[in-house]
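What follows is calculated from the coordinates using simple rules that are stated; it is not laboratory data. Predicted model, so just to flag it, every value in this text is computed and none were measured. Quick reminder, even Gly has a Cβ in these numbers, built from the backbone with ideal geometry, and neighbours come from all protein chains shown.
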Amino acid sequence: MSDTFAGVSSDAVRAKTGKTWEEWFAILDAAGAAQMRHPEIAAYLAQHQGVPDWWSQMVTVGYEQARGLRQVHEKTDGFTANASKTVAVPVDRLFEAWADEDVRRRWLPDAPMIIRKATPGKSLRVTWADGSHVDVEFTSKGEAKSRVAVQHSRLPDAETSTATKAYWSAALTRLGDMLIS
């Protein structure tokens, strides 16, 4: 059996919850968690085992992955894909490259997106044409350096998640190249 689930090692789980993955899996199996939905497992951990909220979610995801109830990158509303890039430009310039449609077309042509909410220099909330969601976070790393992180969610399957991660990695590379040239 692996020592890492949901991206968290057994040692880290024990340090924060007092139990290893194997111990949690035995407790959850005995509680019938394999037949429970995600919120029910998390609630059981929080209410009956005293696991803090964030850790009850992590232990639940680890359990679901270990028991074949959830795949890697799968959430309750579908799959996700993540990508990020640090670029040697101020955060406002990085944000503008996303928010300004003419600039965005230069590095992200024909993107089927509608911006639902924009907080300048901080974030964008986007709906993709297929109904999936894209959350974009911007972080200043100093006067002339910033980071953009993309989370594309509500994807239908693991294959789409993998392809979407590659899409965003390539797009962010084009963005970075455009901004520093």
Can you bin the chain into rounded, prolate or oblate? Criterion: square roots of the alpha carbon gyration tensor eigenvalues sorted a ≥ b ≥ c, rounded for a/c under 1.5, prolate for a/b above b/c, oblate for the rest.
prolate
With the contact rule set at Cα under 8 Å and sequence spacing of 6 or more, what percent relative contact order holds for the range 1-128?
16 percent
State the answer as a single residue: which of Tyr63, Ile27, Gln47 lies farthest towards the positive end of the charge dipole of the range 4-66, with beta carbon charges of +1 for Lys and Arg and -1 for Asp and Glu, about the Cα centre.
Gln47
Can you tally the net charge around Lys19? Count Lys and Arg as +1, Asp and Glu as -1, for every other residue whose Cβ sits under 15 Å from the Cβ of Lys19.
-3
Treating the beta-carbon of each Lys and Arg as +1 and of each Asp and Glu as -1, no other charges, what is the dipole magnitude of the chain about its Cα centre, to the nearest 20 debye?
420 debye
Once the Cβ-Cβ distance between Arg116 and Ala30 is put in as r, and R0 is 30 Å, what FRET efficiency do you end up with, to the nearest 0.05?
0.10
Please compute the length gained on full extension between Asp92 and Asp157, using 0.36 nm multiplied by the number of residues separating them and subtracting their Cα-Cα distance.
20.0 nm
Between Lys16 and Asn82, what is the spin-label point distance in nm, taking each point 7 Å from the Cα along the Cα→C-beta axis?
1.2 nm
Measuring from the longest principal axis of the C-alpha atoms of the chain, the long axis of helix 53-66 (C-alpha) lies at a number of degrees, nearest 10, equal to 80 degrees
Stretchable slack from Arg37 to Ala129, in nm (0.36 nm times residue separation minus alpha-carbon distance):
30.2 nm
Cα centroid separation, the range 160-181 to the range 33-95 (Å):
24 Å
For the range 75-180: relative contact order, % (alpha-carbon pairs under 8 angstrom, 6 or more apart)
39 percent
Point-charge dipole on Cβ atoms (K/R +1, D/E -1) for the range 84-181, about Cα centre, debye to 20:
260 debye
Around Phe138: net Lys/Arg minus Asp/Glu count, Cβ-Cβ under 13 Å
+3
Compute the acute angle (0 to 90°) between the alpha-carbon long axis of helix 21-30 and the principal axis of greatest extent of the alpha-carbon atoms of the chain; round to the nearest 10°.
60 degrees
How high is the relative contact order of the range 4-66, in percent, with contacts defined as C-alpha pairs under 8 Å that are six or more residues apart?
42 percent
Given the options His133, His48, His152, which has the most mean-square fluctuation in a GNM of the chain, springs set between C-alpha atoms less than 10 angstrom apart?
His48
